[in-house]
């Protein structure tokens, strides 16, 4: 599939692929679109820090893969400004359409979106950076994907990704309902064949892709109290995962009681004065090698 630079048109092949949920455990429902928006706000500052550290700034042309509702694309647009440009790509035509509407509502006319499978994406455009958040964990061979994407970067271009380290998700004290939810999350992702600890595997993934060793940083939200958004965030994530969790025999809808889950998590945390840490996010960034020069680090 070939895309003209910043082309918004989704062809029939891309739409058909978008309706195939095999490579995205959380699905393509209205509820998931809302969850993505909640997630975007919940971890926005953690992602912005990584993009700034990576060196993304005014005038850069950025490719955001697995863009979802466009949160990272819109965040990058704020960093590059109107002298730059951002293209977000995702396999779901529906989610791409919503991302485009959000960008228009924000007045960001230098952001465009397109529906395409990653292995079908091509463009004559050269980008200054390729970025992504919570996308490599779903790919069967993330190193091969990075090798392919680097073709679209100018020499010395930035490669910056942020992924979860799910095993570090915890509550102190370790309370029963939270422990159950953590187990449901991990079991569903593991049985789906996805990488629950992609964050700590980013360095090896970059190296296998032929990239210079990245700089890395770990960050996490730490939540407590009745007013924290973490309970809605956890419940919304499990709501999106529930059809897959049931199909894989991890848990049933009756056991989860999803409509009351956020409030039950809240009551438990308040009762035990819990400190809750959702999955840690690990960011990694590097630059492609400039011919005739030593590898660069942002």
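Points to keep in mind about this one:
- Between the stretch 83-97 and the stretch 48-78, the Cα center-to-center distance that results, in Å: 12
- Cα gyration tensor, the stretch 196-267 - rounded (a/c under 1.5), prolate or oblate: oblate
- Contact order for the stretch 12-287, expressed relative to its length and based on alpha carbon pairs under 8 Å spaced 6+ residues apart, stands at 22 percent.
- The alpha carbon radius of gyration of the stretch 59-121, expressed as a multiple of 2.2 N^0.38 Å, is 0.99.
- Semi-axis lengths, largest first, of the ellipsoid equivalent to the stretch 67-217 are 29, 20, 15 Å, with √(5λ) applied to each eigenvalue of the Cα gyration tensor.
- Estimated FRET transfer efficiency (residue 290, residue 119; beta-carbon r; R0 30 Å; 0.05): 0.65
- GNM result for the chain, Cα springs below 10 Å: residue of 45, 90, 71 fluctuating most strongly: 45
- Degrees between helix 176-191 axis and first principal axis of the chain (Cα, 0 to 90, nearest 10): 40
- Linear extension gain, residue 44 paired with residue 104, 0.36 nm per residue minus alpha-carbon span: 19.7 nm
- Percent of beta bridges antiparallel (DSSP, the chain, rounded to nearest 5): 45
- Angle in degrees between helix 44-54 and the longest Cα principal axis of the chain, rounded to the nearest 10: 30
- The alpha-carbon atoms of the stretch 158-298 define a convex hull whose volume equals 112 cubic angstrom per residue.
- Rounded to the nearest 0.05, the FRET efficiency derived from the C-beta distance between residue 53 and residue 151 at R0 = 22 Å is 0.35.
- Share of Cα-Cα pairs in the chain lying beyond 27 Å, as whole percent: 40
- Rounded tilt (10° steps) of 230-247 against the dominant C-alpha axis of the chain: 90
Every number in this text was worked out from the coordinates using simple rules, so none of it is lab data. Since this is a predicted model, take the numbers as computed values, not measurements. Note that each Cβ is placed from the backbone with ideal geometry, even for glycine, and that neighbours are counted across all protein chains shown.
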